[in-house]
Amino acid sequence: MRLPFFYGWIIIAVTFVTMAIGVNARTAFSLLFPPILGEFGWDRGVTAGAFSFGFVVSGIASPLIGRLMDRLGPRSVMELGVALMASGLLLAPLTKEPWHLYLTIGVLVGAGSVCLGYSGQSLFLPNWFIRSRGLAIGLAFAGVGIGSMTLLPWVQVMIERGGWRTACTAMGILILVVLAPINLLLRKRPEDLGLLPDGAAAPSASAAKPVSNVIDRQWASIDWTLPRALATARFWWLAVGYFGGLYIWYAVQVHQTKYLLDIGFSPAVGVWSLGAVSLLGIPGQIFLGHVSDRIGREWVWAISCAGFAICFAALMALAQVHSMLLIYVMVFAQGALGYGLTSIMGAVVVEIFQGRHYGSIFGTIMFVALAGGAAGPLVTGLLHDITGNYTLAFTIGIGMSGFSALSVWLASPRKVRAVAGRLHRVPG
């Protein structure tokens, strides 16, 4: 059956909803964190470690998910993620010891999130668009912002009225009811439905030959397998750059709410800030994704890392000056700028290592990246426990922002394939 529009937009819509619920169900740990601490009295490092342990699990699972995507496609991967995340949230209310939290929020939710979140979606979304790849992925991932403004306040209300256990149960049911059916609509690539990327028509014999975006033809002609990719400097620059990107992302996300409460802001400001960051991520991801299609991926990655550096600096300044203006600066820098990382994460890797084994290569890079996501909250929490404040931890976050930007720049995807706005630079 022919649709009046490109099926790729259905893929974007399904991903939008999946990200709105799946990513924010994990982000909600920042809201669960204070009541869990209050109930059990565990150290912050130990409690935040459950979230970080989830990233270790995600990292270990990521290469396996990449292989599963290469073999079975997105429907199998997404339904597996639904089952894992829902079971983790439904079992979390049984927590009595720290290891229970590590098993449910850590292992099950962590493994499920690698399927439903940025990593899993980036394994197939880039296949559907080429000319507007950054814009399309930015639109799909903007679902996280909508979810943050709807799901997170709802979770906070559930916590206040029924406790954190009730909130976990409700999120688990929501994931099963909504995400399980809609992800059956997914397909891995447009060719599976007899279509072409971007909804392009099949070329006729008389049509002009389309302009190639390949700059390094020798590199692009290689059949990239995981072992071959591992032997390149580009692979490792991407891996450590992504490590730094997720380190700074989750170091802020997990500790932001508790930090604001510690320095004297109300719970309402803490919840609003967390939601507003993701709300601003909506135009930020879409705009910066579009910009990356015009000026290149490295520039946008650097802009986003600069956003996180500003965010860390504003948070440190808030300890000295209680100013809503600084709150607004922190929220804008983190959301409108920082969240741009996600709109190009998959695009960068596919433009360097495009081929049949892209899933395995991207999954392995995300293994390293997710280790950064695990290290960010854990190191930040431990440094707070040691020093009694977040100053050193946030200073390290600023340094990590610069390191991440430099690493992706050195991977230089612009030297392999040109984005649509730079096709005029491709040798004839």
*Write down the accessible area per residue of the chain in Å², having rolled a 1.4 Å probe over the full set of protein chains.*
38 Å²
*For the chain, give the percent of accessible area contributed by carbon and sulfur heavy atoms, probe 1.4 Å, rounded to a whole number.*
68 percent
_Label zone at I295 (point 7 Å along Cα-to-Cβ), backbone N below 18 Å, region 258-287_ = 283-287
*Compute the separation of the alpha-carbon centres of region 176-196 and region 287-310 and state it in Å as a whole number.*
29 Å
*asked:* Suppose every Lys and Arg Cβ carries +1 and every Asp and Glu Cβ carries -1, with no other charges. What dipole size does region 212-334 come out with about its Cα centre, to the nearest 20 debye?
replied: 120 debye
*Mark the label point 7 Å from the Cα of I386 along Cα→Cβ and return the residues of region 40-55 whose backbone N is within less than 12 Å of it.*
none
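Counting trypsin sites (Lys or Arg not before Pro) as exposed when in a DSSP loop with at most 15 other beta carbons within 10 Å, what is the longest stretch of the chain free of them?
Numbers: sites that count: R2, K96, R356.
Excluding the exposed sites themselves, the longest stretch runs over 97-355.
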*What ranking, highest mean first, results for peptides 135-144, 400-409, 386-395 when packing means the other Cβ atoms within 10 Å averaged over each residue?*
135-144, 400-409, 386-395
_Loop-located chymotrypsin sites (Phe, Trp or Tyr not before Pro) in region 336-367, at most 16 other Cβ atoms within 10 Å (DSSP)_ = none
*Stretchable slack from A233 to E39, in nm (0.36 nm times residue separation minus alpha-carbon distance)*: 65.1 nm
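Work the Kirkwood hydrodynamic radius out for region 84-238: mean of 1/r over every pair of different alpha-carbon atoms, inverted, in Å. Please report the intermediate quantities before stating the final value.
Numbers: mean 1/r = 0.0515 Å⁻¹.
So the Kirkwood estimate lands at 19.4 Å.
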*Set Lys and Arg Cβ to +1 and Asp and Glu Cβ to -1, take the dipole of the chain about its Cα centre, and tell me which of L89, T47, P63 lies farthest positive.*
P63
*Helix hunt in the chain: which complete DSSP H runs extend at least 24 Å axially by C-alpha with mean Kyte-Doolittle at least -1.0?*
8-27, 44-72, 74-91, 143-162, 233-262, 267-295, 297-318, 358-387, 391-411
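Assigning unit charges at the beta carbon (Lys, Arg +1; Asp, Glu -1) and nothing else, what dipole magnitude in debye, to the nearest 20, does the chain show about its Cα centre? Please list the in-between numbers first.
On the way: 27 positive and 16 negative charges, 245 e Å.
Roughly 1180 debye for the chain.
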*Just going by the charge dipole of region 251-409, with Lys and Arg at +1 and Asp and Glu at -1 on Cβ, which of C305, T257, G388 is farthest out on the positive end?*
C305
*Identify which of A200, A229, A411 has the largest mean-square fluctuation in a Gaussian network model of the chain, with springs joining Cα atoms closer than 10 Å.*
A200
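Stokes-Einstein diffusion coefficient for the chain at 20 °C in a medium of 1.002 mPa s, Rh from the Kirkwood formula over Cα pairs: what value in µm²/s? Present the calculation step by step, with values, prior to reporting the outcome.
Working: Rh = 21.5 Å.
In µm²/s, the coefficient rounds to 100.
Going by a ≥ b ≥ c, the root eigenvalues of the Cα gyration tensor, does region 272-428 fall in the rounded group (a/c under 1.5), the prolate group (a/b larger than b/c) or the oblate group? Spell out each step's value before the answer.
Values: a/c = 2.47, a/b = 1.65, b/c = 1.49.
Taking the square roots of the gyration eigenvalues as a ≥ b ≥ c, region 272-428 is prolate.
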*What is the Cα coordinate range of region 143-186 on the first, second and third principal axes, sorted by size from largest, in whole angstrom?*
36, 21, 8
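By how many nm would the segment from R161 to S412 grow when fully extended, if each residue of separation counts as 0.36 nm and the alpha-carbon distance is taken off?
Numbers: separation 251, 0.36 × 251 = 90.36 nm, distance 5.04 nm.
Extending this stretch completely gives an extra 85.3 nm.
The values are calculated or read from the model by the stated rules, or taken from the named source; none is laboratory data. Bear in mind that the values here come from a model prediction, so they are computed numbers and not experimental data. Cβ coordinates were reconstructed from backbone atoms using ideal geometry, including for glycine residues, and neighbour counts include every protein chain displayed. Accessible surface is based on the protein model in full, side chains and every heavy atom, while ligands, DNA and RNA are left aside. Shrake-Rupley method; radii C 1.70, N 1.55, O 1.52, S 1.80 Å.
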